[in-house]
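These notes are about the structure you will find just below.
The values are calculated or read from the model by the stated rules, or taken from the named source; none is laboratory data. Quick caveat, the model's predicted, so the values are computed rather than measured. Don't worry about glycine lacking a Cβ; one is built from the backbone with ideal geometry, like all the others, and counts go over all protein chains shown.
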Amino acid sequence: MSPKTVVVIGATGLQGGSVVDEFLKYPKDYRVRGLTRDASKPAALALAAKGVDVQAADLDSGCEALARAFSGANIIFALTDFWASRSKVVEIAQGKGVTDAAAMISTLEHFVWSALPDPMELSQGRFYHVHHWKSKADVTDYIRTQHSELWKKTTTVLFPNYFENCLTDPKHYLPRQVSGKLVREFPLGANTSLPNVAISDTGKLVRAVVENPQRYFEKSIAFYAQAISEGDKLAKLAKGSSRALGFAFEYQKSTPEQFRKRLEVAGMTPELSLDFTEQLLIFEFFGNVYASHDFVQAREVSWAKHTLVFVKAMPSHADDEYVQIPGLTLMTWDEFIDENREELLAKIVSANGPSRW
């Protein structure tokens, strides 16, 4: 039996790169085609050196061009990047182009769509400025309503907060020095849990899904390793770090308005700061909305620990057989700290300015 062709959008990024790395481990079973905007950049050339069929593809190029990039695909891992354009309109257009193209591929067996849930549904219409969630949710609805045959072989993966955000965006995700302390300010109570995952585990999840396709077609997967509060994350980071840096760590709850203002000072537009803040407030007011029976869970969940005020998403699973993905081991926050402590400490220093030390 010849290897299946796996096409990965965003092959040089964090999500796509993890998927590429995972499937490269199984050359007898899979051929990997990686799509990226610029096939000549160093990251793309490095993938080609590993045996990836790297091809240039622009998500703004239209359905026909994308269909050529998808030609012969058996599996497609598809994503769009809201933050590249910072436009809901652009992201929806890109997502529709990707799905229109995927629907044209006769060889396609499984379409894995990287998405987010609908913030309007999860918050009873209260938080309607979370554009980077809503745009992806609208594309999910588009697949389901406009491409019924593609939907039958689609799995939607709902991504949470990434542990790696601390490394890629330390200004927003690591504590800052205030009055002799390292303070983490967030518009959430110290015990409000958020779903988190190491984005490097994306490939592991995707392979588990495509190797059991019938279990996960037309399902949405809540992809997170751990529901943990920002207060607990900071406390765990402080262990072994406070002494090394010479500062105590402290969590402080800010008001939504204070948090938005700080984001704007750091360079966000008012519209994006509202988007970013409202996504967090969903968890403050409605609990861990990812821990829902409406979603397949990528981790073991003790349902009794999660009090959800309201959750309405995909239709509930009639059979608990599909509620959790068996045998999937995902990195925890403690493990992430242990693996990246030196870099985390360096990022805290650089984010606050070396002169402060």
Q: Only helices (runs of 4 or more DSSP H) wholly contained in the range 162-239 count here; list those with 3 or more residues that are closer than 30 Å to residue 74 by Cβ.
A: 202-210, 213-216
Q: Quick one: in the range 267-294, of everything that is of a type in the set (Gly, Ala, Ser) and in contact with a His (Cβ under 7 Å, 6 or more places away or on another chain), which residue is nearest to residue 125 (Cα to Cα)?
A: 287
Q.
I'm trying to understand the selection: among the residues of the range 1-37, which are under 12 Å from residue 53 (Cα atoms) and assigned to a loop (DSSP other than H, G, I, E, B)?
A. 11
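Quick grid of which residues meet (1) surrounded by fewer than 19 Cβ atoms within 10 Å (Cβ to Cβ); (2) farther than 17 Å from residue 3 by Cβ; (3) among the hydrophobic types (A, V, I, L, M, F, W, C); (4) in contact with a strand residue (DSSP E or B) (Cβ under 7 Å, 6 or more places away or on another chain):
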{"site": "14", "(1), (2), (3), (4)": "yes, yes, yes, no"}
{"site": "25", "(1), (2), (3), (4)": "yes, no, no, no"}
{"site": "35", "(1), (2), (3), (4)": "no, yes, yes, yes"}
{"site": "48", "(1), (2), (3), (4)": "yes, yes, yes, yes"}
{"site": "53", "(1), (2), (3), (4)": "yes, no, no, yes"}
{"site": "58", "(1), (2), (3), (4)": "yes, yes, no, no"}
{"site": "91", "(1), (2), (3), (4)": "no, yes, no, no"}
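Matching residues to (1) crowded, with 18+ Cβ neighbours inside 10 Å; (2) closer than 25 Å to residue 286 by Cβ; (3) among the hydrophobic types (A, V, I, L, M, F, W, C); (4) at pLDDT 95 or above:
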{"site": "155", "(1), (2), (3), (4)": "yes, yes, no, yes"}
{"site": "165", "(1), (2), (3), (4)": "no, yes, no, yes"}
{"site": "172", "(1), (2), (3), (4)": "no, yes, no, no"}
{"site": "182", "(1), (2), (3), (4)": "yes, no, yes, yes"}
{"site": "204", "(1), (2), (3), (4)": "yes, no, no, yes"}
{"site": "207", "(1), (2), (3), (4)": "yes, no, no, yes"}
{"site": "230", "(1), (2), (3), (4)": "yes, yes, no, yes"}
{"site": "241", "(1), (2), (3), (4)": "yes, no, no, no"}
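Sort through 143, 105 and tell me the only one that's of a type in the set (Val, Ile, Thr), buried (at least 21 other Cβ atoms within 10 Å of the Cβ) and over 15 Å from the mean Cα position of the chain (by Cα). Don't jump to the end; show me each part of the working.
Numbers: 105 fails: buried (at least 21 other Cβ atoms within 10 Å of the Cβ).
Residue meeting the stated conditions: 143.
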Q | Inter-residue pairs, beta-carbon under 7 Å, first in contact (Cβ under 8 Å) with a residue 12 or more places away in the chain and in the range 249-262, second among the hydroxyl-bearing types (Ser, Thr, Tyr), 6+ apart | A | 249/242; 256/277; 259/277; 260/273; 260/277
Q: Could you tell me whether any residue of the range 268-288 is acidic (Asp, Glu), surrounded by fewer than 20 Cβ atoms within 10 Å (Cβ to Cβ), in contact (Cβ under 8 Å) with a residue 60 or more places away in the chain and in contact with a strand residue (DSSP E or B) (Cβ under 6 Å, 6 or more places away or on another chain)?
A: no
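Starting from residues that are under 17 Å from the mean Cα position of the chain (by Cα) and at negative phi, keep the ones in the range 2-12 and report whichever is surrounded by the fewest Cβ atoms within 10 Å (Cβ to Cβ).
My answer is 12.
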